[in-house]
1. For the chain, with all protein chains present and a 1.4 Å probe, just round the carbon and sulfur fraction of the accessible area to a whole percent.
2. Using Cα pairs closer than 8 Å and at least 6 residues apart in sequence, work out the relative contact order for the chain, in percent.
3. Roughly what % of DSSP beta bridges within region 55-291 run antiparallel, to the nearest 5?
4. Kindly identify region 296-398 as rounded, prolate or oblate by the Cα gyration tensor criterion: order the square roots of the eigenvalues as a ≥ b ≥ c, call it rounded if a/c is under 1.5, otherwise compare a/b with b/c, prolate if a/b is larger, else oblate.
5. Counting trypsin sites (Lys or Arg not before Pro) as exposed when in a DSSP loop with at most 10 other beta carbons within 10 Å, what is the longest stretch of the chain free of them?
6. Classify region 231-284: rounded, prolate or oblate, from the alpha-carbon gyration tensor (a ≥ b ≥ c, eigenvalue square roots; a/c under 1.5 rounded; otherwise prolate if a/b is larger than b/c)?
7. Limiting things to C-alpha atoms, what are the Rg and the maximum Cα-Cα separation (Dmax) for region 55-291, in angstroms?
8. Under 8 Å for C-alpha pairs, at least 6 residues apart: give me the relative contact order for region 55-291, rounded to a whole percent.
Amino acid sequence: MKYNFDEEVERRGSYSTKWDCGSLLKEMGLTERFDGSTIPVFTADMDFHCAKPIQDALARVVEHNVYGYTAISPHDTPEYYDAIINWFKRRNHWEIQPEEIVYVNGTVEAVKQAILAFTKEGDGVLINRPIYTPFTSTILNTHRTVVNSQLINSDGYYTVDFEDFEQKAADDNTKLFILCNPHNPTGRTWTPDELTKMAQICEKHHVLIVADEIHGDLVRKDTIFTPLATLTGYRSLITCTAVNKTFNLAGLHATNLVIPDPGLREQFKNSCGMVLPSPFTVAAVIAAYNEGEEWLDQVKEYLDDSIDFVLEFLKERMPKVKCRRPEGTYILWMDFSAYCLSAEDIRRKIYVDANVLLESGPQFDSEFGEGFERICVPTRRALLNEAFTRIADQFEGL
Ligand SMILES: Cc1ncc(COP(=O)(O)O)c(C=O)c1O
């Protein structure tokens, strides 16, 4: 079946965080303007209809019309586990055993539960800034200590500062590393060599790795994503997988952890207790992994083209904006610093005058994030064009 991602999908009135909840966004300090003409392209959430097999599977749940407690287990519902296992075997040559899979209702929740299960108050949690904002807030909200190993920015291409990374990992207080691969917001998809080095350093210094790989299915056509678990035998590894980003199912909170080590797995489960999915979540995960590949292939092609479209637009109309083609994710990390404007001036021009809602650099990096803006591009291209035209008009002649 051919999907049309140029179709206008009305999301207002559907309890959409980004389209309907302006006062919440204002409360969160993301913007002071939100109205009927705001273009919200700040969050990693697609404005596209889902794959037909997922829609059909969810319709069957509605048809049954019973929404009681729902559970999964390798013995009772092997089809749930097979769907996940076959997906990663087929696409990433990753062999997962059913018992290694642990359902959690969301990836940020999974990271939080791992922090609570394996560290204590005051312990250090290592991250690489600029980084997805909730990692920092989760570390702080659980009263742990942020240990940042700043990525090196070479003309918009980000790499790990391995010397610094090892120094931070070697600190006795550092207990856990949150790996983000592909990396939000820089779009880096770490190479096997980079991943192996990070894992070796963590293993040497007994640092648990929580690998958030939920953007792994959304890499560019010419990029290969490698799950860390296929490269290392290090047992202190928890991988977060999810249909949430891949199939635009974030509202169903469908995260599946892979925890190969039985001791680690038990400790995690004992700490966070039994987490039950909704019947919609179970149906969607099975349908997505078994029947969603055709949709995913098409959406990836559309996203690749949208990213090229934006880069071309910037080259033509805003050549001062520095922006690399991300290897993975549908996120662009744009450097406006060549305009020599204050962060506040940049913000006002975009968020208030152009009325386009992005996410500002300091959210991802309080120290070096000024002058950066992050956009998520999974919306129809005509709207993306309007968003960038409005922004470019504000920076015309500067
Ligand atoms: C790297 C990363 N991790 C986690 C999340 C949130 O995932 P979830 O909705 O499963 O909590 C996002 C969402 O943008 C993300 O980019």
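The values are calculated or read from the model by the stated rules, or taken from the named source; none is laboratory data. Since we're looking at a predicted model, the values are computed, not measured. Virtual Cβ from ideal backbone geometry, glycine too; neighbours counted across all protein chains shown. Keep in mind that these areas ignore ligands, DNA and RNA; they rest on the heavy atoms of the full protein, side chains included. Shrake-Rupley method; radii C 1.70, N 1.55, O 1.52, S 1.80 Å.
1. Carbon and sulfur atoms account for 49 percent of the accessible area of the chain.
2. 24
3. Bridges in region 55-291 are about 40 percent antiparallel.
4. prolate
5. Answer - 13-220.
6. Because a/c hits 1.5 or more and a/b fails to exceed b/c, region 231-284 counts as oblate.
7. Looking at region 55-291, its Cα Rg and Dmax stand at 17.7, 57 Å.
8. Relative CO of region 55-291 lands at 27 percent.
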